[in-house]
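The values are calculated or read from the model by the stated rules, or taken from the named source; none is laboratory data. Bear in mind the structure is a predicted one, so any value in this text is a computation, not a measurement. Cβ placement follows ideal geometry from the backbone for every residue including glycine, while neighbour counts extend to all protein chains displayed. Note: areas computed on protein heavy atoms with side chains; ligands, DNA, RNA excluded. Shrake-Rupley method; radii C 1.70, N 1.55, O 1.52, S 1.80 Å.
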Amino acid sequence: MDGTDLIKACSAIGAGLAMIAGIGPGIGQGYAAGKGAEGVGRQPEAQGDIVRTMLLGAAVAETTGIYGLIVALILLFANPFLPR
Amino acid sequence: MNGGFGPYKVIELPGGIVISQTVTVTWLIMLLLTVFAYFASKKFNKVPDKFQNVVEILVESIYGLTKQTMGEDKINFAPYMGTLLLFIGVANVSGLFGLRPPTADVNTTLGLSIMTFFMVHYNSIKSNGIKNYMKGYLEPMPFLLPLNIIGELANPISLAFRLFGNIVGGLIIMVLLYGALGSISTSLGIGIPILQAGIPAVLHIYFDLFAGLLQSFIFTMLTMVFISMAMD
């Protein structure tokens, strides 16, 4: 086993570990959706505004998870550690 | 670009300029939107026909959204926001027609978000004056200046990577699914990949239609919010 094989194996493990970042957005978006449902239940006439604000908040909460995905994608497809 | 899920090189111009799939699909979308705009604004009747009704609803809803999000005084931004919404929306949905969405390339999304970045700062200077703009970086305390600068620079990057990550994540899952269904049908002894028909449709609806339209809406909304926040 030479060096690049080790780098490839460790990069695959690292990509898997990077996707642990998906936990955070899951919790955050679930919280946002729950609060949104609460808001619609309390004030059904404001549904349009609530849904729009909720989607915006969910998209911002998603950012950290997307960063994790980008790190995983870079490790898998554009690995900076491998010699060119 | 070396294998994997990157855009294919279509042609390489002399001088090392690469025309990739992203560029050709963007040209196609530009053509489509231009033709649509030409026919939509060719003639307006007093009594609108079906097509004109659809166009009127589209334009009115974009103006309404801009007015609701940015306020009555910033209604001039509506044409740009409408263009952004239509371009990103069509680009994301183009995966349904077997094309590679241009937004699955970080160059496209970063270009769009840098446009937003410059609009935010230009309009902030224009409406607040350069003095108040500079003073905004020293708030709430002067020693937070580096943090404020990093925060401003992080905005376009997070905007670009949000769109890119969503679309490219969906694209990779679709490519993997097609590969898996193809190899399953080969190992079952069927010559043609019969399993590839029908099964991916559900995921296409989720990743291309739902997530794509949602992300185009979110990109436009965040652009509006950033600009109107910088101007107030």
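Got a sec? Which of A:E38, A:E45, A:E62 is in a helix (DSSP H, G or I), within 10 Å of chain B (Cβ to nearest Cβ) and of a type in the set (D, E, K, R)?
Only one candidate qualifies: A:E62.
Select, from B:G191, B:G182, B:G169, B:G98, the only residue that is within 14 Å of chain A (Cβ to nearest Cβ) and modelled with pLDDT under 90. Give the steps one after another, and end with the answer.
Details: B:G191 fails: within 14 Å of chain A (Cβ to nearest Cβ); B:G182 fails: within 14 Å of chain A (Cβ to nearest Cβ); B:G98 fails: within 14 Å of chain A (Cβ to nearest Cβ).
Selected residue: B:G169, the only one of B:G191, B:G182, B:G169, B:G98 that is within 14 Å of chain A (Cβ to nearest Cβ) and modelled with pLDDT under 90.
Considering the stretch A:1-54 alone, what residues qualify as being among the polar types (S, T, N, Q) and within 18 Å of the chain's Cα centre (by Cα)? If you could, list the steps in order and put the result at the bottom.
Here is the first cut: in the stretch A:1-54, the ones among the polar types (S, T, N, Q) are A:4, A:11, A:29, A:43, A:47, A:53.
Answer for the stretch A:1-54, where residues must be among the polar types (S, T, N, Q) and within 18 Å of the chain's Cα centre (by Cα): just A:Q29.
Looking at the stretch A:71-84, which of its residues are more than 8 Å from every other protein chain (Cβ to nearest Cβ) and open to solvent by less than 50 Å² (accessible area, probe 1.4 Å)?
Scanning the stretch A:71-84 gives A:A72, A:L75, A:N79, A:L82.
Of these, B:G165, B:G136, B:G191, which one is more than 22 Å from B:T69 (Cα to Cα) and assigned to a loop (DSSP other than H, G, I, E, B)? I'd like the intermediate steps shown before the answer.
Details: B:G165 fails: assigned to a loop (DSSP other than H, G, I, E, B); B:G136 fails: assigned to a loop (DSSP other than H, G, I, E, B).
Every option except B:G191 fails the conditions.
Which residue is least open to solvent (accessible area, probe 1.4 Å), if the candidates are limited to the stretch B:8-33 and must be more than 22 Å from B:L86 (Cβ to Cβ) and touching a helix residue (DSSP H, G or I) at 6+ places or on another chain (Cβ under 7 Å)?
So in the stretch B:8-33, the residues more than 22 Å from B:L86 (Cβ to Cβ) come out as B:8-20.
When the remaining residues are screened for being touching a helix residue (DSSP H, G or I) at 6+ places or on another chain (Cβ under 7 Å), the result is B:8, B:10.
Values: B:Y8: 153, B:V10: 86 Å².
Restricting to residues being more than 22 Å from B:L86 (Cβ to Cβ) and touching a helix residue (DSSP H, G or I) at 6+ places or on another chain (Cβ under 7 Å), the top hit is B:V10.
When you check A:G68 against the structure, is it away from chain B (no Cβ under 14 Å) and part of a helix (DSSP H, G or I), yes or no?
Details: away from chain B (no Cβ under 14 Å): no; part of a helix (DSSP H, G or I): yes.
Against the criterion (away from chain B (no Cβ under 14 Å) and part of a helix (DSSP H, G or I)), A:G68 does not qualify.
A:A18 is checked against (1) open to solvent by less than 50 Å² (accessible area, probe 1.4 Å); (2) in contact with a Leu (Cβ under 8 Å, 6 or more places away or on another chain); (3) over 23 Å from B:Q215 (Cβ atoms) and fails just one. What number does that condition carry?
Result: A:A18 fails condition (3) only.
The rows are residues; the columns are (1) within 17 Å of B:G165 (Cα to Cα); (2) over 23 Å from the mean Cα position of the chain (by Cα); (3) in contact (Cβ under 8 Å) with a residue 12 or more places away in the chain.
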| residue | (1), (2), (3) |
| --- | --- |
| B:L96 | no, no, yes |
| B:P101 | yes, no, yes |
| B:Y137 | no, yes, yes |
| B:P140 | no, yes, no |
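Within the stretch B:102-156, can you find the residues that are open to solvent by 80 Å² or more (accessible area, probe 1.4 Å), in contact with a Ser or Thr (Cβ under 9 Å, 6 or more places away or on another chain) and among the hydroxyl-bearing types (S, T, Y)?
Across the stretch B:102-156, there are no qualifying residues.
Before we move on, is B:F36 touching a helix residue (DSSP H, G or I) at 6+ places or on another chain (Cβ under 9 Å), within 14 Å of another protein chain (Cβ to nearest Cβ) and surrounded by 12 or more Cβ atoms within 10 Å (Cβ to Cβ)?
Working: touching a helix residue (DSSP H, G or I) at 6+ places or on another chain (Cβ under 9 Å): yes; within 14 Å of another protein chain (Cβ to nearest Cβ): no; surrounded by 12 or more Cβ atoms within 10 Å (Cβ to Cβ): yes.
Against the criterion (touching a helix residue (DSSP H, G or I) at 6+ places or on another chain (Cβ under 9 Å), within 14 Å of another protein chain (Cβ to nearest Cβ) and surrounded by 12 or more Cβ atoms within 10 Å (Cβ to Cβ)), B:F36 does not qualify.
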